[in-house]
Amino acid sequence: MDHSRRSDRRPTDLLTAFIAAILIVAAAAAASCESTPRVELVSPDGQTNATVRVEIADTQSSREVGLMFRSELAENAGMLFVFSEPSKLQFWMKNTEIPLDMIFADSAGRVVGIVADAEPYSEKLLSVDAPSAYVLEVNGGFCARHGIKTGDTMVFAGFTPRSLD
């Protein structure tokens, strides 16, 4: 009695199935990336200087906690604070362990000011001289490393920013 098995599949059929499986996984990964909330920082000449994966602080309680009590933040990660109406916003660094750059933008996403290298644990109020609807917090020195300046634009991808309160 012969117990050997014979496959009716040809090697090219197996290769085709394997390639199809890889393409399906790659498409799912790409779709996942497209839905990840991020902010692109674009200069007036249309050049994207940086893309930041963001957590969104769109409620009173999430804005109050922000990035406090965190010991690290990935280089291309940040937190976007979303407000219902533009106003002159003030932030502090109480209980914030890492230095941050704060990028303030108006309701159209145009950067109206930057507070660079905010000092950890400081209770000094930090702001810019223009009304803002959004504040993007990133690692200290990020703006200098990526050439982010007043007049640049925040482009929102993977989400529509809106305050939930």
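The values are calculated or read from the model by the stated rules, or taken from the named source; none is laboratory data. Note that the structure is predicted; figures quoted are calculated from it, not measured. Using ideal geometry, Cβ is built from the backbone for each residue, glycine included, and neighbour counts are taken over all protein chains shown.
The single residue among Ser127, Ser132, Ser163 that is modelled with pLDDT under 95 and closer than 14 Å to Pro86 by Cα turns out to be Ser163.
Hey, among the residues in the range 99-116 that are among the aliphatic types (A, V, I, L, M) and within 17 Å of the chain's Cα centre (by Cα), which one's farthest from Ala133 (Cα to Cα)? Checking each candidate, the answer is Leu100. Scanning the range 116-124 for any residue that is free of Cβ contacts under 8 Å to residues at least 60 places away in the same chain and within 21 Å of Thr48 (Cβ to Cβ) turns up at least one such residue. For Ser132, the requirement of being crowded, with 20+ Cβ neighbours inside 10 Å, in contact with a strand residue (DSSP E or B) (Cβ under 9 Å, 6 or more places away or on another chain) and over 21 Å from Ser71 (Cβ atoms) is met. Residue by residue through the range 144-165, note down the ones that are more than 11 Å from the chain's Cα centre (by Cα), of a type outside the set (A, V, I, L, M, F, W, C) and surrounded by 13 or more Cβ atoms within 10 Å (Cβ to Cβ). Residues satisfying the conditions are Arg145, His146, Lys149, Thr150, Asp152, Thr153, Pro161, Ser163.
In this structure, Lys124 does satisfy being over 19 Å from Arg38 (Cα atoms) and among the basic types (Lys, Arg).
Please verify whether Met68 is out of contact with any Phe, Trp or Tyr (no Cβ under 8 Å at 6 or more places or on another chain) and buried (at least 17 other Cβ atoms within 10 Å of the Cβ), treating the condition exactly as stated. So Met68 does not fit the description; no.
Would the range 64-82 turn up any residue that is closer than 16 Å to Ser163 by Cβ, small (Gly, Ala, Ser) and more than 17 Å from the chain's Cα centre (by Cα)? Scanning the range 64-82, I find no residue that is closer than 16 Å to Ser163 by Cβ, small (Gly, Ala, Ser) and more than 17 Å from the chain's Cα centre (by Cα), so the answer is no. For the range 83-119, a residue qualifies if it is among the polar types (S, T, N, Q) and not in a strand (DSSP E or B), and the qualifying residues are Gln90, Asn95, Thr96, Ser107.
Please pick out the residue among Arg63, Arg70 that is in contact with a strand residue (DSSP E or B) (Cβ under 9 Å, 6 or more places away or on another chain) and of a type outside the set (S, T, N, Q). Step by step, each of Arg63, Arg70 is checked, and only Arg63 is in contact with a strand residue (DSSP E or B) (Cβ under 9 Å, 6 or more places away or on another chain) and of a type outside the set (S, T, N, Q). Every test in (1) exposed (fewer than 11 other Cβ atoms within 10 Å of the Cβ); (2) over 20 Å from Ala157 (Cβ atoms); (3) polar (S, T, N, Q); (4) modelled with pLDDT of 90 or more is passed by Ser84 save one, and that test is (1).
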